[in-house]
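Heads up: the structure comes next, in C-alpha cells.
The values are calculated or read from the model by the stated rules, or taken from the named source; none is laboratory data. If you're wondering where the values come from, they're calculated on a predicted model, not measured in any experiment. All Cβ positions, even for glycine, are placed from backbone atoms using ideal geometry, and neighbour counts span all protein chains on display.
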Amino acid sequence: MSDPQDPATADADLLVVRPGKWTLVVIVQLREGTKRFNELRRNMGGVPQKSLSVTLRELERDGFITRKAYATIPPRVEYDLTDLGRELLHLADDFKRFAQRNRDAVERARRLFDAADDRAPL
C-alpha cells in the first residue's frame, strides 16, 4: 500500500492516468464539444462498446470529463471535457507531433526488430 506522506508515492498515485488505447482518442474527440456515447463510438470507428464505457468511466473518475444523464426515453447521456481534460489536450497534441516527427524512425526500428527476432510481431 502506498504511503500518502511519501512525496514520491503520493505523486505517482496522483498522476496515474490510465493510458489505455482509447484515452487520448476520447479526449481529442471531445475537443469540439459535447458528444453522446454513440456519437463518440461512431467517430472512433472500431472501439468496442465495453472499452469505450470503461475509458469514459475512468476519465470521469479522474476528472477529465463530465457525464450528464438526462431522464428521457430512451436515456440520453452526454460527455464533455472539464478544464483538466482540456489541459490534457496539450499532451495529446504533443504526442501527435511526436508521432508525426518520429514515424519513420519507429517503423524502421520495428522492421529491424522483427527481422532479428524469431518471434512473430505483436
Inside region 49-91, the number of residues satisfying the requirement of being touching a residue at least 60 places away in the same chain (Cβ under 8 Å) and over 16 Å from Gly33 (Cα atoms) is 1
Hey, Leu30 hits all of (1) surrounded by fewer than 17 Cβ atoms within 10 Å (Cβ to Cβ); (2) under 16 Å from Asp83 (Cβ atoms); (3) of a type in the set (A, V, I, L, M) but one; which does it fall short on?
-> (1)
Restricting attention to region 50-69, which residues are closer than 23 Å to Arg86 by Cβ and surrounded by fewer than 13 Cβ atoms within 10 Å (Cβ to Cβ)?
-> Arg57, Arg61, Gly63, Lys68, Ala69
Candidates Arg111, Arg101, filtered to the one that is modelled with pLDDT under 95, farther than 17 Å from Thr23 by Cβ and outside any loop (DSSP other than H, G, I, E, B) = Arg111
Could you list, in sequence order, all residues of region 51-83 that are among the small types (Gly, Ala, Ser) and under 16 Å from the mean Cα position of the chain (by Cα)?
-> Ser51, Ser53, Gly63
All but one of (1) within 18 Å of Lys21 (Cα to Cα); (2) of a type in the set (Val, Ile, Thr); (3) out of contact with any helix residue (DSSP H, G or I) (no Cβ under 6 Å at 6 or more places or on another chain) hold for Thr66; which doesn't?
-> (1)
Output the residue which, of all residues in region 75-115 that are under 23 Å from Val28 (Cβ atoms) and among the basic types (Lys, Arg), is surrounded by the most Cβ atoms within 10 Å (Cβ to Cβ).
-> Arg86
Unique residue being farther than 17 Å from Leu84 by Cβ, surrounded by 12 or more Cβ atoms within 10 Å (Cβ to Cβ), touching a Lys or Arg at 6+ places or on another chain (Cβ under 7 Å) and modelled with pLDDT under 95 when the list is Val47, Val25 | Val47
Got a number for residues in region 1-22 being in a loop (DSSP other than H, G, I, E, B) and at pLDDT below 70?
-> 11
